[in-house]
Amino acid sequence: MTTAELTRSLSLRIGRIDRVWIAIALVFAALALLAPAQVPESARFAVDALIHIAPYLAVSVAVAAFARASGLDHQIGRAFSGNAAQAILLAAAFGALSPFCSCGVVPIIAGLLGAGVPLAPVMAFWLASPLMDPEMFILMLPVMGLEFTVAKMVAAFSIGAVSGFATHMLVKGGAFSDALRPQLTKSCGCSGTSALKNEKIVWAFWKDRERRAAFGGEARTTGLFLLKWLALAFVIESLMVSYVPADKIATYLGGGEWWTVPAAILVGVPSYLNGYAAIPLVGGLMDLGMAPAAGLAFMIAGGITSIPASMAVFALVRGGVFTWYLALGLLGSLAAAYGFTLYLAISA
């Protein structure tokens with residue numbers, strides 16, 4: 001075999017390897033050269049993070065696979081595809097009450113978009129879901145107080161609803177005609193509203209061989225898809241934690257200066273502290289003088305635009321939808337924080 005043939009064969013083999021796994025390998029190769037001590041730290045961090053989120057992802061993947069195999073996704077799609085205003089408000093409310101985190105909701109979103117659900121209610125659900133759930137509400141009460149907790153719940157619903165209506169207006173104007181990436185649209189085997197079939201839900205799907213195969217295929221595809229992207233995201237996050245500690249940066253976000261809220265959003269954007277881990281951190285910082293509005297901005301921005309969540313969104317939808325998602329998250333964080341500031345000033 002000539003050198004050219006060997007090079008071509010090697011290139012073909014490398015081409016078959018998923019680019020995300022290659023990226024992870026390159027990150028660890030760079031660390032091995034530049035910071036060898038960080039290699040086991042990053043590996044341990046990523047594995048621990050994946051283990052922590054595994055139960056939530058397993059449930060969400062199972063739900064998505066069940067919806068696909070039973071035909072439930074089409075019925076959900078029909079429920080979210082009726083009156084636009086009603087569907088958006090329902091999606092925002094359901095998102096604010098659902099127990100899914102920003103990453104765990106991804107397979108549900110993929111199933112909804114694949115079933116032909118319009119982007120507007122999906123966006124409303126997507127943005128509201130990671131910001132609040134019943135368990136988080138209960139845990140926040142003793143740490144943050146009723147006022148702050150209710151403000152975050154209202155912000156979750158409001159951001160979802162406003163984002164849904166804004167998306168609806170853009171879609172009516174011709175934007176975002178195809179949200180899913182091409183490979184995901186193909187794997188779903190459907191596109192657009194043609195997927196909204198009026199078929200009967202088969203709850204006992206395991207009795208049908210084709211539906212069992214559909215369940216297994218959907219679970220395997222979605223699970224591997226999330227695993228690779230979250231693995232890369234957590235490896236990157238491990239570097240942030242090691243070299244840019246969020247708690248030390250957030251310490252400087254106290255006071256009432258004009259830049260406090262934007263700075264809190266910039267800190268919250270890459271940080272995966274949107275859920276329960278953010279509660280004691282932000283609560284402690286507020287006790288030390290951090291402005292409540294900055295704390296709210298930090299938690300909301302982290303919930304919507306954290307690196308793991310953003311990478312999952314990036315892998316799922318086209319570039320225009322991804323950019324719009326980030327813009328809605330940032331603007332929503334800013335609006336919620338300043339709205340909370342105005343409320344505190346009026347009620348003082």
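The values are calculated or read from the model by the stated rules, or taken from the named source; none is laboratory data. Just so you know, these numbers come straight off a predicted model, no measurement behind them. Neighbour counts run over all protein chains shown; Cβ positions are idealised from the backbone, glycine included.
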The condition of being at pLDDT 80 or above, β-branched (Val, Ile, Thr) and over 16 Å from GLU237 (Cβ atoms) holds, among ILE88, ILE51, only for ILE88
Could you list, ordered by first residue, the pairs with Cβ atoms under 8 Å in which the first is in region 198-214 and at pLDDT 85 or above and the second is in a loop (DSSP other than H, G, I, E, B) and among the β-branched types (Val, Ile, Thr), at least 6 apart or interchain?
ASP208/VAL202; ARG211/VAL202
Hey, ALA327 out of contact with any Ser or Thr (no Cβ under 8 Å at 6 or more places or on another chain) and assigned to a helix (DSSP H, G or I) or not
yes
Could you check region 135-150 and list, in sequence order, the residues that are under 23 Å from VAL122 (Cα atoms) and touching a Phe, Trp or Tyr at 6+ places or on another chain (Cβ under 9 Å)?
GLU135, MET136
Quick one: count up the residues across region 36-64 that are hydrophobic (A, V, I, L, M, F, W, C) and more than 20 Å from the chain's Cα centre (by Cα).
3
Tell me which residues, restricted to region 295-340, are modelled with pLDDT of 90 or more and polar (S, T, N, Q).
THR323, SER333
Restricting attention to region 133-172, report how many residues are at pLDDT 90 or above, more than 21 Å from LEU285 (Cβ to Cβ) and loosely packed, with under 13 Cβ neighbours inside 10 Å.
2
Enumerate the pairs (first residue in region 225-242 and under 16 Å from PHE45 (Cβ atoms) and touching a residue at least 40 places away in the same chain (Cβ under 8 Å); second residue anywhere and among the charged types (D, E, K, R) and in a helix (DSSP H, G or I)) with beta-carbon separation below 7 Å, excluding pairs fewer than 6 apart on the same chain, so at least 6 apart or on different chains.
SER238/GLU41; SER242/GLU41
Restricting to region 225-263, what's the tally of residues that are surrounded by 19 or more Cβ atoms within 10 Å (Cβ to Cβ), among the small types (Gly, Ala, Ser) and modelled with pLDDT under 80?
3
